[in-house]
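Notes for the one structure printed next.
The values are calculated or read from the model by the stated rules, or taken from the named source; none is laboratory data. Bear in mind the structure is a predicted one, so any value in this text is a computation, not a measurement. So basically every Cβ, Gly included, is an ideal-geometry build from the backbone, and we count neighbours across all protein chains shown. Accessible surface areas use protein heavy atoms only, side chains included; no ligands, DNA or RNA. Shrake-Rupley method; radii C 1.70, N 1.55, O 1.52, S 1.80 Å.
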Amino acid sequence: MTDIATRAARVVQSPGGRRRLNGGGPRAGTIFAFVIPFFLPFVLFYLVPVGYALWQSVRVVRRTGGQYGTSYTTFGGFDQYEKVFQNSEFWSSVGRIGLFGIVQVPVMLFVALVIALLLDTPLLRLKSVFRITAFMPYAVPGVIAAIMWSYLYSPQLSPVVDLLNGIGLHPDFLGPGAVLWSAANISTWLWTGYNMLIMFSALQSIPQELYEAAKLDGASNWAIAWQIKVPIIAPSIILTTVFSIIGTLQLYAEPAVLRQISSNISSTFTPNMLAYAVASGNNYQQAAAISVVIAVITFVLSFGFMRLTSKRAGL
Amino acid sequence: MSSTRTRIRLGAVAVAASVAVLAGCSSSSPSTKTSAASCAPAKGKVTLQYWNTVPGMDKVVALWNKKNPNIQVDTKNISNDQYGTLSNALKAGKAPDLSQVGYDELPNLRTQNAFVDASACSAATAAKSKFVPWTWSQTSFGNTGVFALPQDTGPMALYVRSDIFKKYDIAIPTTWDEYAAAAAKLHKADSKLDITFFDPNNAEWFNGLLWQNDSQMYSYSGDKWQVTVASAQSKQVADYWQKLISGKLVRTDLANGSTQMYAAYQKDQIASYVGAAWGYSMFRDNLPKQSGKWTIVPMPTWGSNGASGDWGGSTVAFMKGSKHLYESVEFNTWLNTDPEALALENQLGGLYPAANAGLQLPALSKGVPYYNNEKIFDVFADSSKKINTSFAWGPTQKTVNLALQDAMAKAAAGDGTLYDALTTAQAAALKSMKDQAIPAAAGK
Amino acid sequence: MNSLSTSGRSVNRESQVSRTAAMALMLLLAIYFLLPIYFLIVAATKPQGDLAATNGLTFSHFNLFENLRVLFTRSDGIFGRWALNTVIYAVLGAAVGTLISALCGYALAKFRFRGREFLFSVILGGVLVPTTALALPLFLLFSATGIVNTYFAVFLPSIVSPFGVYLARIFANAAVPQELLESARLDGAGEFRTFFSVAFKLMTPSLVTIFLFQFVAIWNNFFLPMVMLQKESLFPITLGLYEWNGQTARAPLLQESVITGSLVSIVPVIILFILLQRFWRTGLAAGSLK
C-alpha cells in the first residue's frame, strides 16, 4: 500500500486531476455492499416476479379423475396468450382504457400546462395559494379520492347533482355512457397538480434573459408562453405524458370504487380488473398472461412515445 | 479488476436469489383428493378458526366459548370479499378450520380441493337427519361425504305493501302473469310507482328465480358436466323480466339492501319485494315507520306449478388443512342444530335455519309485530317444502355469476336482453370450465 | 392585440382583461380542486341520517365528535390499527427504501466500475415496470413461501424504488463534489464512513425528496395490499376504507365512518405536503431535467 504522501503527489501530478488511479477508488466488496441492499430486494421483488409471471403464463391447468378431479399444471406454450388475444373482454377493456387515455391524458396535461404557465406569469395574484390548492389532490390516495367523488356522483347524496337538478339538468354520472368519464375525472383531479408542478419547476428554471429579447420585440405573454416556454419545457411535458400513459394502463382503484355504487362498471372494466377477476376465478396462469401482455403494451407505448418525441425534438 | 468482481458478485446474487425463490415454489403437484380424514379428539385445549359473514355471529360464538372452555373458537368476518379471501387463503395454505360457504359455491370450492370429508366423525354423518333434505343433498354432494353442514336457507316469497295494493284496488298477485298485470296497473295509476326493482348485479337472486322455474343448468353425465344455463326454462324467466324492464315497469337502478333501495321504499316508490326469508329483518330494521304495512305471501307461480326457489343461505364447511376435525364437527353441529344457537342466529343475523329443529323455534312460530303479527315464517316454511331438490350449481359458479351480472347490467341499461345475458353466461361457463380443465359440454 | 407603440394605459387595460380572465380561470380550477375536500369536511360533521337529507355543501347538526368517536371505536378500534399499519408501510417503508436507494444511487454516481451503466439501465427499466403487474405474481410467490397475509408481504416489495435510485444518483452527482470524497479518502476514511458523515449531510434535502416520493407511492398503492392481505388487522387505511365502503349497502351506518375516516386520513398528509412542498419542486425539477 503506497503511503498517503505518495498518493497525494500522484493525484496532484495527474493532468486534469480527474484521472482515477487504481486503488484510489473503493474496493469491489465495498461497492457490492453499497449496491446490494437495494439490488437484492430489487431482484427478489421486481425481477423474480416478472420471471415468475412469464413462467406462469406458459402453463396450463390439467385435471384427472372424475367429476371434481385433481388439478395440476403443465407446460402449455402460448396457449394462455392465445386465449388472451381471443378474449373479447380483454379487447374491450384495452379499448376502454385506450379511449380513456386518449382523452384524459391530453386534457389533464393541457390543464396542467395552462396552470403552470399562468403561475409563471405576472397575470396572477395569490400564486402560492393556487399552487397549493392544485397540488392538494396529490396528497389524497386514489381510493379515497374515488370514494369522495363517488359521493359527489351519487344521485342521493351529491350537492352537485342537486344543484344541476335545480337548473333543470339531470346528469347521470354513473350511467353506462358517462361512468368512464366520471372515472377519468377522478384521475384528472388527482394528477393535474402533480403534473403541473413538474412543468412549473421546469419553467422556473428557465433563465429570465431568454424572455428579455422577446419582450423587447413586443411579444405578448401569450406568444412568449406558447412559442418560447413550452418548447423549452418539452422534456418535462414528455415525461409527464409517459408517466400518465403508464398510469392509465394500470387503472384499477378508481373504477373498482365506482363499481361499488354503479352497476355500469363491469368486473372486467380495465385490463387490471380483468386480470384480478381471472385470478379470483383461480386461473392464475391466464391472469399472469394478461399481466404480461399489459406490461408489454405499457412498455411499448411509453418507450415508443419517448423515442418518437425525442426524435421529433431532435433531443 | 474490482469492477468485474463486483459485476460477477451481483450477477451471482441475482441468479441465486431467483433460483432459490423459484425452486421454493414447485409447480402445483396433483393435490390430494378430498379423503376422509381421521376423527380423534385432541388432548387439551383447541382453538378453531371460523370465518363467517353473518352479523352477530361473534355473539353466538361467544356463547359457545363460554360453555366450552376446551374448544375455543375465533371468528373473522369476511363479508367484503368472501370467496376471494377464502381462495387466497387456500392457495396460501392458511385456510381456517370452518368457513361460511354459500350453497352455490360448494362445487367451485370442491374443484379447488378446499374441503375435508368429515364422515369419519360419527356426529357428522348422524347430522343428516337433522336438516332439510335439499340442503343436505347439496352439502354432501349427493350423499358422497360430509363436506359442510347447512346453516341457513333463503326460501323465497313475495313481500307486499298491502296498503299500496289496497289503495289502487289491485289484488295481490298469485301468479307471474298476475304480477305483470299488477305492475302495469300500478305504474299507470302512479308513474312514480313501480312494483319492484330488478337488481342486475344480483346473480344469486336471479338464480333463485331460475331455480323456481325448474331450470336445471348443470348436471353430470357421460363423464362431463352438461351445461344448460340458457335452457328453455331460463329463457322463460329472462323474457318475463325483460318485458318488465323494457316496459319500464320495474326499477333497475337499485342494489339489494342499499341505502338507495331503502330510500325508494321509504318514499313509497316501490310496492313489493321478491325476497327470501332472511330478508324479513331488512325492512323491520331499516323502515320502522312502515310497520304494519307489509305482508308476506307465497311467490308468484308459473301457472299451476307451485314450486318455489331459494335465494342464498349458506353452509359451514370443513376446510382442508383443519387440524381438529373432531372439535370442528362438535362446534359445527352445535352451531347449526342447537336451538339456542339457532335462535340467536335468527335474532341477530336474520338467519332462517336449515335445521329441522330450527323450523320449530319459538321465534319462528310467533307472529311478527312488524308484519301485522302475521306468522310470516309459516309462509317461508311452506315455500321451503316446495323448493326443487334436484337443482345443482356449477363448478365455476362465481365466474359465471360475474359474467351474468356484467351482461344483465348491460341489458338493464338497454344494451341487449336478459336472454342475451343468459347466453353470455352459458359461454362463460363453458369457457371457464375449459380453462380449469373441467370436462364440460353444452347440454341438451 | 398588443401594440407596443400605444401608451402605458392601453397596455394596462389589456393586461387587466387578461388578469381578470386568468384569475377567474384559476378560481374555477381552485373550486374544482377543493370541492371534494370541502364536501368531505362538511359530510364528516354530519350525522348519518343527514347525509341524504340535507344539502351537501352546507353544514347541519354538528356531529363531528360523535362521528370520530364511532370511527375510532368501531370494530374494536380497527381504524386506529389501520392508521398504524399505514405508518408502518408508508413511513417506515419509505425510510428504509430511501436509505437503500441512497446507498445504491450514491454508489452508481460516485464509484466507477464496469457494468455500472448496465446496472443502472436495468434499474431504470424497473421504473417503467408497473407495480400492479408485479402484485399478482408476487402474491403467488409469497403464498408459496408462506409470507402472504403478513406485514412483510406489503412492506418488502414497498421498499424497492427504482425511481428513488435514479433520483439519488442525480442528487449525489449534484450535491456531493468529487473533491470532498477524494480528500476524505486521502484521510483514510472508509467509504461507509464517508457516505454517512459527508455525503449524507450534503444530500439531506434530496433524501427528503426521495422519501416523500416513495411515501406517496406506498400510500397510494392499493393493488398490492389488496392482493396480499386478507387479515383485516393488517390493512392500511386505504384498503380498510375500501372494504367498509363495500359494506355500506349492508350496514348503512358505515357510510359516515367511511367519510370521517377518509377525512381523518387525508388531513395530516395534506398538511404535511403543503409544508414540505419545496422538496417536490426540487425533486421534480431534477427529475424532469433528466
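From the largest down, chain B spans 92, 54, 49 angstrom on the principal axes of its Cα atoms.
Taken about its Cα centre, chain A carries a charge dipole of roughly 1140 debye when the Cβ of each Lys and Arg holds +1 and the Cβ of each Asp and Glu holds -1. Straight-line cross-link reach from B:Lys289 at under 19 Å between alpha-carbon atoms covers these lysines, not counting any fewer than eight positions away in the same chain: B:Lys166, B:Lys167, B:Lys267. Between A:Ala223 and A:Ser310, full extension at 0.36 nm per residue minus the direct alpha carbon distance yields a gain of 28.9 nm. Over all other residues within a Cβ to Cβ distance under 11 Å of C:Leu181, the charged ones net out to -2, with Lys and Arg as +1 and Asp and Glu as -1.
Compute the accessible area per residue over chain A, keeping the other protein chains in place, probe 1.4 Å, unit Å².
So chain A comes to 42 Å² accessible per residue, rounded to a whole number.
In region B:106-262, the alpha-carbon atoms span a convex hull of 162 Å³ per residue. By the rule of a C-alpha distance below 16 Å, with chain neighbours fewer than 8 residues away ignored, the lysines paired with B:Lys410 are B:Lys243, B:Lys248.
Across q = 0.22 Å⁻¹, region B:312-393 modelled as identical point scatterers on its alpha-carbon atoms has Debye log10 I(q)/I(0) values of -1.11, in the order of the q list.
Largest first and in whole Å, the equivalent-ellipsoid semi-axes of chain A read 42, 38, 18, each the square root of five times a Cα gyration tensor eigenvalue. Within the listed set B:Pro155, B:Pro133, B:Pro288, the Gaussian network model of chain B (springs between alpha-carbon atoms below 10 Å) gives the highest mean-square fluctuation for B:Pro288. The aspartates and glutamates whose alpha-carbon is closer than 18 Å to the alpha-carbon of B:Lys293, local same-chain residues fewer than 8 away aside, are B:Asp163, B:Asp169, B:Asp194, B:Asp268, B:Asp285, B:Glu374. In this structure, A:Ser88 and B:Thr174 have a Cβ-Cβ separation that, at R0 = 35 Å, corresponds to a calculated FRET efficiency of about 0.25. Averaged over the residues of peptide C:232-240, the number of Cβ atoms from other protein chains lying within 10 Å of each residue's Cβ is 2.
If the viscosity is 0.692 mPa s and the temperature 37 °C, what Stokes-Einstein diffusion coefficient in µm²/s follows for region C:208-247 when Rh is the Kirkwood radius over Cα pairs? Approximately 299 µm²/s, per Stokes-Einstein.
Here the label points at B:Ser129 and B:Gln290, each 7 Å from Cα along the C-beta direction, are separated by 4.4 nm in the simple model. Among the DSSP helices (H) of chain C, those spanning at least 27 angstrom by Cα along their long axis with an average Kyte-Doolittle hydropathy of 1.6 or more are C:254-275; this is a geometric and hydropathy rule only. Rounded to the nearest 100, the interface formed by chains C and A buries 8900 square angstrom of accessible surface, both chains summed, with a 1.4 Å probe. Rank A:Gly98, A:Gly247, A:Gly77 by mean-square fluctuation in a GNM of chain A with C-alpha springs under 10 angstrom and give only the top-ranked residue. Top of the fluctuation ranking is A:Gly77. For chain B, carbon and sulfur atoms together expose 54% of the accessible surface, with a 1.4 angstrom probe and every protein chain in place.
For the protein assembly as shown, the normalised intensity computed at q = 0.05, 0.10 Å⁻¹ comes to -0.37, -1.31 (log10 of I(q)/I(0), Debye sum over alpha carbons, equal scatterers, no solvent). A simple spin-label model places pseudo-atoms 7 Å from Cα toward Cβ; at C:Ser197 and C:Ala53 they are separated by 7.0 nm. Could I have the simple spin-label model distance between B:Asn372 and A:Tyr211, label points 7 Å from Cα toward Cβ, reported in nm to one decimal? Simple spin-label model gives 7.9 nm for this pair.
Return the subset of B:Lys67/B:Lys130; B:Lys67/B:Lys91; B:Lys45/B:Lys320; B:Lys323/B:Lys398; B:Lys45/B:Lys94; B:Lys323/B:Lys434 for which the Cα-Cα distance in this structure is over 25 Å, preserving the input order. Checking Cα-Cα distances, B:Lys67/B:Lys91; B:Lys323/B:Lys398; B:Lys323/B:Lys434 exceed 25 Å. Dividing the convex hull volume of the alpha carbon atoms of region B:72-113 by its residue count gives 79 Å³ per residue.
Apolar share of the accessible surface for region C:161-263: 63 percent from carbon plus sulfur atoms, 1.4 Å probe. Could you tell me what fraction of 2.2 N^0.38 Å the Cα radius of gyration of region A:17-139 comes to, as a two-decimal ratio? Compactness ratio reported: 1.96.
Volume per residue for region C:154-290 equals 134 cubic angstrom (convex hull of Cα atoms). Which whole number in µm²/s is D for region B:371-444 by Stokes-Einstein, with the Kirkwood Rh taken over Cα pairs at 10 °C and 1.306 mPa s? This corresponds to a translational diffusion coefficient of 107 µm²/s. If a paramagnetic tag sat 7 Å from the Cα of B:Ser221 along the Cα-Cβ line, which residues of region B:407-444 would have the backbone N under 20 Å from that point? Once the point is set 7 Å along Cα→Cβ of B:Ser221, B:430, B:439-444 turn out to lie under 20 Å by backbone N, inside region B:407-444. Measuring heavy-atom accessible area with a 1.4 angstrom probe and counting protein chains only, the residues of region A:56-89 that give up at least 30 Å² relative to the chain alone are A:Val61, A:Arg63, A:Gln67, A:Tyr68, A:Thr70, A:Ser71, A:Tyr72, A:Thr73, A:Lys83. For B:Ala363 and C:Gln277, FRET efficiency with R0 = 56 Å and r from the beta-carbon atoms, rounded to 0.05? Between C:Gln277 and B:Ala363 the formula returns 0.35. By the Stokes-Einstein formula, at 0.890 mPa s and 25 °C, chain C with its Kirkwood radius over alpha-carbon pairs has D equal to 108 µm²/s. The charge dipole of region C:150-259, taken about its Cα centre with unit charges on the Cβ atoms of Lys, Arg (+1), Asp and Glu (-1) only, comes to about 80 debye. Per residue, region C:67-287 exposes 35 Å² of accessible surface when a 1.4 Å probe is rolled over the protein heavy atoms with every protein chain present.
Could you tell me which residue out of C:Phe215, A:Ile228, A:Gly98 lies farthest along the dipole of the protein assembly as shown toward its positive end? Charges go on the beta carbon: Lys and Arg +1, Asp and Glu -1, centred on the Cα centre. The residue sitting farthest along the positive end of the dipole is A:Ile228.
Mind checking the full-extension length gain between C:Leu34 and C:Phe65? Use 0.36 nm per residue of separation minus the Cα-Cα distance, one decimal, nm.
8.9 nm
In this Cβ point-charge picture (+1 for Lys and Arg, -1 for Asp and Glu), the protein assembly as shown has a dipole of about 3140 debye about its Cα centre. Comparing mean-square fluctuations of B:Trp225, B:Trp211, B:Trp311 from a GNM of chain B with C-alpha springs under 10 Å, the top value falls on B:Trp225.
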